[in-house]
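Report on the following structure.
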Amino acid sequence: MAELFTMALAAILINNVVLSKFLGVCPFLGVSKNSKSAVGMGLAVIFVIFGASLITYALYYGILVPLNIEFMQLITFILVIATFVQFVEMFIKKYSASLYKSLGIYLPLITTNCVVLFVAKDNITQGYNLVETMVNSIAYPLGFMLVLYLFSCLRERLDSADTLPSWKGNPIALVTAALMALAFSGFVGIV
């Protein structure tokens with residue numbers, strides 16, 4: 001149990017996909033202007049990564065490995081991820097039109113979000129069992145959502161701050177993201 005907790009803590013804080021691996025930067029910068037949109041995107045990514053990781057795990061060990069066609073994992077994983085994203089998009093469009101509108105183009109772009117594919121492939125590459133896959137598949141997107149939410153709160157404050165005109169928007173956002181990455185690197189010695 002301690003190993004699973006350590007794995008989760010490392011994925012959320014230390015090996016954060018946005019701040020240490022620099023994956024998922026497009027939605028990180030695009031959806032982080034509003035904290036409600038950031039939480040919505042984070043929840044959608046959690047659902048997609050968790051579901052896609054479980055399905056890809058089952059497909060890899062249930063079909064690809066027995067048939068000795070492991071080389072098909074990339075195309076298989078991409079198809080599973082695209083299917084899940086379509087499901088999430090339809091669900092959000094039906095039940096929360098305001099969230100669907102605020103996420104805009106970034107919702108269907110979860111399909112090409114490298115975080116989703118990274119986690120699915122990482123579970124296989126690391127040789128995780130089903131429980132470890134589940135923990136890893138919840139921890140990484142939780143770390144993504146945490147950073148996305150914190151960054152959105154900072155950006156909301158920065159938009160109302162008195163900054164130089166040349167620093168408004170993306171320049172100050174990128175500097176803030178760099179400072180967040182620096183702050184999160186302080187967690188390295190925890191585990």
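The values are calculated or read from the model by the stated rules, or taken from the named source; none is laboratory data. The structure presented is a predicted model; accordingly, all values stated were derived computationally and were not measured. Note: ideal-geometry Cβ built from the backbone for every residue, glycine included; neighbour counts use all protein chains shown. Remember, those area values only see protein heavy atoms, side chains included, never the ligands or the DNA or RNA. Shrake-Rupley method; radii C 1.70, N 1.55, O 1.52, S 1.80 Å.
Here are a few things to note about the model shown:
- For the chain, adding -39500 (n - 2.57) for each run of n ≥ 4 DSSP H residues and dividing by the number of residues yields -22000 deg cm²/dmol at 222 nm.
- Partner aspartates and glutamates whose Cα lies under 17 Å from the Cα of Lys168, excluding those fewer than 8 positions away in the same chain, are identified as Glu156, Asp159.
- Within a Gaussian network of the chain (alpha carbon springs, distance under 10 Å), most fluctuating of Ser96, Ser37, Ser20: Ser96
- Those residues of the stretch 175-190 whose amide nitrogen sits under 13 Å from the label point placed on Thr125, 7 Å along Cα→Cβ: none
- Put Ile105, Ile12, Ile92 in order of accessible area, highest first, and with a 1.4 Å probe you get Ile105, Ile12, Ile92.
- Taking Cβ atoms as reference points and 11 Å as the exclusive limit, the residues near Gly169 contribute a net charge of +2, counting Lys and Arg as +1 and Asp and Glu as -1.
- Counting only heavy atoms of the protein chains and using a 1.4 Å probe, Met145 has close to 40 Å² of accessible surface.
- Evaluated at q = 0.14 Å⁻¹: base-10 log I(q)/I(0), Debye formula over Cα of the stretch 41-177: -0.72
- Loop-located trypsin sites (Lys or Arg not before Pro) in the stretch 14-111 (DSSP state other than H, G, I, E, B) with a sparse environment of at most 12 neighbouring Cβ atoms within 10 Å are absent.
- 0 to 90° range, to nearest 10: angle between helix 73-95 axis and the chain longest Cα axis: 50 degrees
- Counting only Cα atoms, the size of the stretch 39-93 along its three principal axes is 39, 14, 13 Å, in decreasing order.
- Dipole of the stretch 1-150 [Lys/Arg +1, Asp/Glu -1 at C-beta], most positive-end residue of Pro27, Leu103, Cys114: Leu103
- Accessible surface ranking that places the most exposed of Met7, Met90 first, with a 1.4 angstrom probe: Met90, Met7
- Since only Leu164, Leu148, Thr176 are under comparison, the one whose Cα sits farthest along the positive direction of the charge dipole of the chain, derived from C-beta charges on Lys, Arg, Asp and Glu, is Leu164.
- Most to least accessible of Cys26, Cys153 (protein chains only, probe 1.4 Å): Cys26, Cys153
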